[in-house]
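Once you've had a glance at the structure underneath, I'll fire off some questions.
The values are calculated or read from the model by the stated rules, or taken from the named source; none is laboratory data. None of these values were measured; they are calculated from a predicted model. All Cβ positions, glycine included, derive from the backbone under ideal geometry; neighbour counts span all protein chains shown. The protein model used for the area step is the full one, side chains on, heavy atoms only, and it has no ligands, DNA or RNA in it. Shrake-Rupley method; radii C 1.70, N 1.55, O 1.52, S 1.80 Å.
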Amino acid sequence: MTDFIRTGRLFRVVGFNPSHRQLFLQSEATHIDRTTTHIEVHVGNVRLMLLQPYFDNGLHIRHASPEEFTVLAERHGLEPDEAIYTWMLDPDGGSFVVGSPPDWREAEYALMGGRESLYTGPWPPDFPTDSGNLF
């Protein structure tokens, strides 16, 4: 998979663990955007990030283009070998993260029961899920 695209959904930053350098983004099922699934995105080994706390119109996670990376490298002192670890989080390129390839999990919210996160508990769970990563 080259991109992760989920438009028309509200995503929010739900956590950053500095000791493990992990970023978590989440989109819950809501009546407003007529969604029924719960989506979580994880980025590990975060070295640098610039992001907004909410993404009102979804996520589009992709590698930074060469032009975008050149600008980010100049502004933030990134090394050329970090280009493959630089991920844009929205179509406009306003938010980015430098870290390991993002991975994601998605499941029908009603099936999760009392489970708060798809990243806690046994994996795979005993209900249908979809998952992937951006290598």
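Computing the accessible area with a 1.4 Å probe over protein heavy atoms, can you report the carbon and sulfur percentage for the range 96-135?
Working: 1160 of 2180 Å².
Carbon and sulfur atoms account for 53 percent of the accessible area of the range 96-135.
Excluding ligands, DNA and RNA, what is the solvent-accessible area per residue of the chain at a probe of 1.4 Å, expressed in Å²? Could the numbers behind the result be given before it?
Numbers: 7670 Å² over 135 residues.
Here the per-residue accessible area is 57 Å².
Same structure again: With θ set to phi - 60° and the Karplus curve 6.51 cos²θ - 1.76 cosθ + 1.60, what are the ³J(HN,Hα) couplings of the range 11-25 in order, to the nearest whole Hz, using x for Gly and Pro?
After applying 6.51 cos²θ - 1.76 cosθ + 1.60, I find 10, 9, 6, 10, x, 9, 9, x, 6, 9, 6, 10, 10, 10, 10 Hz.
For residue 58, list long-range residues whose amide hydrogen, built 1.01 Å from N in the peptide plane, is under 5 Å from its own amide hydrogen.
8, 9, 11
Give me the distance between the Cα centres of the range 74-117 and the range 30-65, rounded to whole Å.
7
Which whole-number percentage describes the relative contact order of the chain, with Cα contacts under 8 Å and a sequence gap of 6 or more?
Working: 261 pairs, mean separation 36.9, N = 135.
Relative contact order comes out at 27 percent.
Restricting attention to the range 79-135, which GluC sites (Glu not before Pro) occupy a DSSP loop and are surrounded by at most 12 other Cβ atoms within 10 Å? Please report the intermediate quantities before stating the final value.
Values: sites: 82, 106, 108, 116; in loops: 116.
In loop regions of the range 79-135 (DSSP not H, G, I, E or B), the sparsely surrounded GluC sites (Glu not before Pro) are 116.
Same structure, new question: Using modelled backbone amide H atoms (1.01 Å from N, in-plane), which distant-in-sequence or interchain residues come within less than 5 Å of residue 14's amide H?
The list, which skips near neighbours in sequence, is 24, 25, 26.
Among 99, 58, 121, which one shows the biggest mean-square fluctuation in a GNM of the chain, springs joining Cα atoms closer than 10 Å?
121
Report the semi-axes of the equivalent ellipsoid for the range 21-111 in whole Å, largest first, where each axis is √(5λ) for an eigenvalue λ of the Cα gyration tensor. Kindly include the intermediate steps, with their values, before the conclusion.
Details: eigenvalues 152, 36, 18 Å².
Listed largest to smallest, the semi-axes of the range 21-111 are 28, 14, 10 Å.
Also, quick follow-up: In deg cm²/dmol, rounded to 500, what helix-only [θ] at 222 nm does the chain give when every DSSP H run of at least 4 residues adds -39500 (n - 2.57) and the total is split over its residues?
Numbers: 1 runs with 11 residues, N = 135.
After summing the helix terms and dividing by residue count, I get -2500 deg cm²/dmol.
Run the dipole for the range 4-135 about the Cα centre, Lys and Arg Cβ at +1, Asp and Glu Cβ at -1, nothing else charged, and hand back the magnitude in debye, nearest 20.
Details: 10 positive and 18 negative charges, 49 e Å.
Using Cβ point charges on Lys, Arg, Asp and Glu, the range 4-135 gives about 240 debye.
Evaluate the charge dipole of the range 45-93 about its Cα centre and quote only its size in Debye, nearest 20, assuming +1 on the Cβ of each Lys and Arg and -1 on the Cβ of each Asp and Glu. Please report the intermediate quantities before stating the final value.
Working: 3 positive and 9 negative charges, 29 e Å.
I would put it at about 140 debye.
For the range 119-129, just list the computed ³J(HN,Hα) in residue order, Karplus coefficients 6.51, -1.76 and 1.60, θ = phi - 60°, integers in Hz, with x standing in for Gly and Pro.
Calculated HN-Hα couplings, in order: 9, 10, x, x, 10, x, x, 8, 9, x, 9 Hz.
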